[in-house]
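Only the coordinates and a few stated rules stand behind these numbers; no lab work does. Computed from a predicted model, the values in this text were never measured in an experiment. Note that we place each Cβ from the backbone using ideal geometry, even for glycine, and neighbour counts take in every protein chain shown.
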Amino acid sequence: MDEEKDAGAAPANDAAPATDSDGAALSPEARLAALEAELADTRERLLRALAETENARRRFQREREDSQKYAVSGFARDLLSAADNLRRALASLPEAEIGDPRVRSLRDGVAATERELLGAFERHGIRRIDPKGERFDHNFHQAIFEAENTGEPGGTIVEVLQPGYVLHDRLLRPAMVGVAKERPKPSDGSDDAA
């Protein structure tokens with residue numbers, strides 16, 4: 001009995017004859033045009049979905065590379081003060097006491113530790129910014145004071161109070177600097193008209 005029902009039913013993959021909005025059967029040409037339009041629409045949606053998937057893949061890849069590249073930034077920022085303290089320790093040794101073998105040994109040990117730390121920084125993409133004599137750049141420098149009568153052109157860094165550091169191309173800490181003040185333009189007396 002079920003076989004009789006199945007024999008009379010159309011196969012599932014055969015579509016019912018296409019009809020227009022009035023319910024009349026479409027001609028084969030009209031049906032072909034409708035199927036081609038549907039195919040074009042489906043192809044367009046597929047291409048858009050593929051493009052969106054490719055863009056998402058590229059974005060995730062870029063984000064993953066950035067996270068790997070800059071993951072150590074917090075840790076590196078914490079180590080900057082240790083590097084500064086090693087530099088201060090070396091600078092604080094009086095020249096008169098360097099003749100003492102114990103002081104010289106201590107100085108050499110601190111200098112070796114600083115070199116090792118800075119070498120580790122370099123291996124991991126951390127670079128020191130020591131901009132004395134360069135033009136002030138607000139992207140990498142923080143002006144702490146302006147100095148007058150330095151003999152340098154205005155906007156030139158005349159003193160580095162604390163070096164800055166960058167991780168690859170991102171700023172970890174700006175260099176704290178003193179900048180030469182712009183000299184006032186000499187007046188030629190032509191503005192005294194009244």
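Rounded to the nearest 0.05, what FRET efficiency is calculated for Ser73 and Ala112 with R0 set to 22 Å and r the Cβ-Cβ distance?
Efficiency, from the Cβ-Cβ distance: 0.25.
Tell me, what is the FRET efficiency for Ala89 and Asp66 to the nearest 0.05, using R0 = 30 angstrom and their Cβ-Cβ distance as r?
With a Förster radius of 30 Å, E is 0.30.
Measuring from label point to label point, each 7 Å out along Cα→Cβ, what is the Glu122 to Asp169 span in nm?
Computed distance between label sites Glu122 and Asp169 equals 2.3 nm.
Fully extended, how many nm does the chain gain between Glu44 and His138 (0.36 nm per residue separation, minus their Cα-Cα distance)?
Result: 29.1 nm gained on full extension.
Evaluate the distance, in nm, between pseudo-label points positioned 7 Å from the Cα of Glu36 and of Asn149 along their respective Cα→Cβ axes.
8.9
Name the residues whose placed amide hydrogens come within less than 5 Å of the amide hydrogen of Gln162, ignoring near sequence neighbours (fewer than 5 apart) on the same chain.
Correct list: Met176.
Within the stretch 77-179, list the GluC sites (Glu not before Pro) lying in a DSSP loop whose Cβ has at most 11 other Cβ atoms in a 10 Å radius.
Here the GluC sites (Glu not before Pro) that fit, given the DSSP loop and packing criteria, are Glu148.
With θ set to phi - 60°, apply the Karplus curve 6.51 cos²θ - 1.76 cosθ + 1.60 along the stretch 148-159 and write out the HN-Hα couplings as whole Hz, x wherever there is a Gly or Pro.
9, 6, 8, x, 9, x, x, x, 8, 6, 9, 8
Please tell me the relative contact order of the stretch 69-194 in percent, rounded to the nearest whole number, where contacts are Cα pairs under 8 Å and at least six residues apart.
23
Applying the Karplus parametrisation 6.51 cos²θ - 1.76 cosθ + 1.60 with θ = phi - 60° to the phi angles of the stretch 39-44, what ³J(HN,Hα) value in whole Hz is obtained for each residue in order, glycine and proline being reported as x?
Karplus-based 3J(HN,Hα) across the stretch 39-44 equals 5, 5, 5, 5, 4, 4 Hz.
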